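Engineer: This is the structure I want to talk about, given as structure tokens.
The values are calculated or read from the model by the stated rules, or taken from the named source; none is laboratory data. Just so it is clear, the structure is predicted and the values come from calculations on it, not from any experiment. Counting neighbours? That spans all protein chains shown, and the Cβs are built from the backbone with ideal geometry, glycine included.
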Amino acid sequence: MTLVLFYIIAFVIALCYCGLILFFTYGWYKNKIRVTHSGSPATRVSVIIAFRNEERNMEQLLKSLSGQHFPAGLWEVILVDDHSSDRSRQIAEAFIRENLKENFRVISLAKADGFSKKGALKKGIACSQGALIITTDADCTFGPDYVRTLVGFYEQCRCRVISAPVVFADDNGFFSAMASLEFLSLVASGAGAMSVGQPFMANGANLCFERSLYDEVQGYAAHQHLVSGDDVFLVLQAKKTVLNRSEICFLKDTKCLVQTMGTSTLKGFFNQRLRWASKSLAYSDFFASFTAYIVFCFSAVIVIGLAGGLWDYRCAVAGALLLFLKAIVDFPLLYSAASFVKRKRLLLVYLPLQIIYPLYITITGILSLFVKFEWKGRKASR
């Protein structure tokens, strides 16, 4: 009787999971958006970057931004120092001074403004002049047409929120390749859902939104108490506010692709995933919560089934079949996404990732309820 109940529960969860992935896959393939606007840009843009202890990445970031093909009079870069204890600020200020970047500036987050990325972004936006806001991270690099492509798309479609692709810069080595492929699966799933009117995920390393929308949803105020989630919660707030969900778009264009630094250690990887998993506890959006719980439950069912094989081989057979089903259903989305970012070599670790993924999701999902993660040297419960 217990085994029959397990089969029924596993079947229902598997059905929901397959439906979700097929939904994301349909959205990903459906997204045929291309930037056709080729006229001179007219929108003033502010690029806001919160940073803390990024001396290793700061110069590369600024060089990448300096190479943008965009009129200097129409955009500004505001770097907000979130209480760095290294030479990040000095490096940024020296670069700006030596390269005569009048549209670049560095400001500091005062103690009265708190100690958080959201606080830094909030201050940067408050000091900005752009009608369009782009947020990214200090460990990112961009192609020369990055800003022009985002602005061109905005002027073409007038989407109020634009999410765009992000990949890990370093995918050499077995562990880095698996982390990159797993991260790509998140990007593609969020893009697919956004393309069919159910935005639930975005990445703050490559997010663009109207200043007016930011003001309408009162910025990050609703989730200011949470350490992370500036990207996801802003999108979910926008989802409640916009008249038409087609105003929240994913720009599927490699010209606006951002490369970010992935975690190089297993500890860093789990710490980052704990931070991401902890955000799901604060979701008020049904679809976002449903997706998070189904992914966790399906992974847990696979792990329970395989582990249950120690007592009854039929559980192991069920677990193995579910794992096989997952590998089949996931592949079309990941294959297309890897092809899009020109990293099909990542698919060499597809099968190992499929085997490891359910266990890692189950562990991080459970630990996120109890274990404090560390972000930029700060301990937090979320």
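Engineer: So, of the residues in the stretch 223-271 that are hydroxyl-bearing (Ser, Thr, Tyr) and either buried (at least 18 other Cβ atoms within 10 Å of the Cβ) or on the phi > 0 side of the Ramachandran plot (or both), which turns out to be modelled with the highest pLDDT? It would help to see each step written out before you state the result.
Structural biologist: In the first step, residues of the stretch 223-271 are kept if they are hydroxyl-bearing (Ser, Thr, Tyr); the result is 228, 241, 246, 254, 260, 263-265.
Subset that is either buried (at least 18 other Cβ atoms within 10 Å of the Cβ) or on the phi > 0 side of the Ramachandran plot (or both): 228, 260, 263.
Numbers: SER228: 70, THR260: 94, THR263: 75.
Per the stated criteria, the residue is THR260.
Engineer: Can you confirm whether TYR360 is modelled with pLDDT under 95, within 15 Å of PHE183 (Cα to Cα) and assigned to a helix (DSSP H, G or I)? Break it down into steps so the answer makes sense when it comes.
Structural biologist: Numbers: modelled with pLDDT under 95: yes; within 15 Å of PHE183 (Cα to Cα): yes; assigned to a helix (DSSP H, G or I): yes.
Yes; evaluated as a whole, the condition is true for this residue.
Engineer: Scanning for something part of a loop (DSSP other than H, G, I, E, B), surrounded by 18 or more Cβ atoms within 10 Å (Cβ to Cβ) and either hydroxyl-bearing (Ser, Thr, Tyr) or on the phi > 0 side of the Ramachandran plot (or both), does the stretch 272-284 turn up at least one residue? Please lay out each step first, then the result.
Structural biologist: The first filter runs over the stretch 272-284 and keeps only residues part of a loop (DSSP other than H, G, I, E, B), leaving 283-284.
Then drop every residue that is not surrounded by 18 or more Cβ atoms within 10 Å (Cβ to Cβ), which leaves 283.
After this cut, where a residue has to be either hydroxyl-bearing (Ser, Thr, Tyr) or on the phi > 0 side of the Ramachandran plot (or both) as well, the list is 283.
Scanning the stretch 272-284, I find at least one residue that is part of a loop (DSSP other than H, G, I, E, B), surrounded by 18 or more Cβ atoms within 10 Å (Cβ to Cβ) and either hydroxyl-bearing (Ser, Thr, Tyr) or on the phi > 0 side of the Ramachandran plot (or both), so the answer is yes.
Engineer: Now, a different point. If you go through the stretch 202-234, how many residues are under 21 Å from SER280 (Cβ atoms), in contact with a strand residue (DSSP E or B) (Cβ under 8 Å, 6 or more places away or on another chain) and either aromatic (Phe, Trp, Tyr) or not in a helix (DSSP H, G or I) (or both)?
Structural biologist: 5
Every residue, every condition in (1) part of a helix (DSSP H, G or I); (2) surrounded by fewer than 17 Cβ atoms within 10 Å (Cβ to Cβ); (3) of a type in the set (Phe, Trp, Tyr); (4) modelled with pLDDT under 95, yes or no:
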{"residue": "LEU334", "(1), (2), (3), (4)": "yes, no, no, no"}
{"residue": "ALA338", "(1), (2), (3), (4)": "yes, no, no, no"}
{"residue": "LEU351", "(1), (2), (3), (4)": "yes, yes, no, no"}
{"residue": "GLY365", "(1), (2), (3), (4)": "yes, no, no, yes"}
{"residue": "LEU369", "(1), (2), (3), (4)": "no, yes, no, yes"}
{"residue": "GLU374", "(1), (2), (3), (4)": "no, yes, no, yes"}
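Engineer: Can you confirm whether the stretch 313-326 contains a residue that is surrounded by 16 or more Cβ atoms within 10 Å (Cβ to Cβ), assigned to a helix (DSSP H, G or I), within 19 Å of the chain's Cα centre (by Cα) and in contact (Cβ under 8 Å) with a residue 60 or more places away in the chain?
Structural biologist: No, every residue in the stretch 313-326 fails to be surrounded by 16 or more Cβ atoms within 10 Å (Cβ to Cβ), assigned to a helix (DSSP H, G or I), within 19 Å of the chain's Cα centre (by Cα) and in contact (Cβ under 8 Å) with a residue 60 or more places away in the chain.
Engineer: If a residue must be surrounded by 15 or more Cβ atoms within 10 Å (Cβ to Cβ) and without any contact (Cβ under 8 Å) to a residue 24 or more places away in the chain, how many such residues does the stretch 67-111 contain?
Structural biologist: Residues in the stretch 67-111 being surrounded by 15 or more Cβ atoms within 10 Å (Cβ to Cβ) and without any contact (Cβ under 8 Å) to a residue 24 or more places away in the chain: 2 in total.
Engineer: What number goes with the only condition from (1) in a helix (DSSP H, G or I); (2) buried (at least 24 other Cβ atoms within 10 Å of the Cβ) that PHE175 does not pass?
Structural biologist: Checking PHE175 against (1) in a helix (DSSP H, G or I); (2) buried (at least 24 other Cβ atoms within 10 Å of the Cβ), the one that fails is (2).
Engineer: Could you grab the pairs with beta carbons closer than 9 Å, sequence gap of 6+ or different chains, first residue in the stretch 7-25 and over 15 Å from LEU186 (Cβ atoms) and basic (Lys, Arg), second one at pLDDT 95 or above and assigned to a helix (DSSP H, G or I)?
Structural biologist: Pairs found: none.
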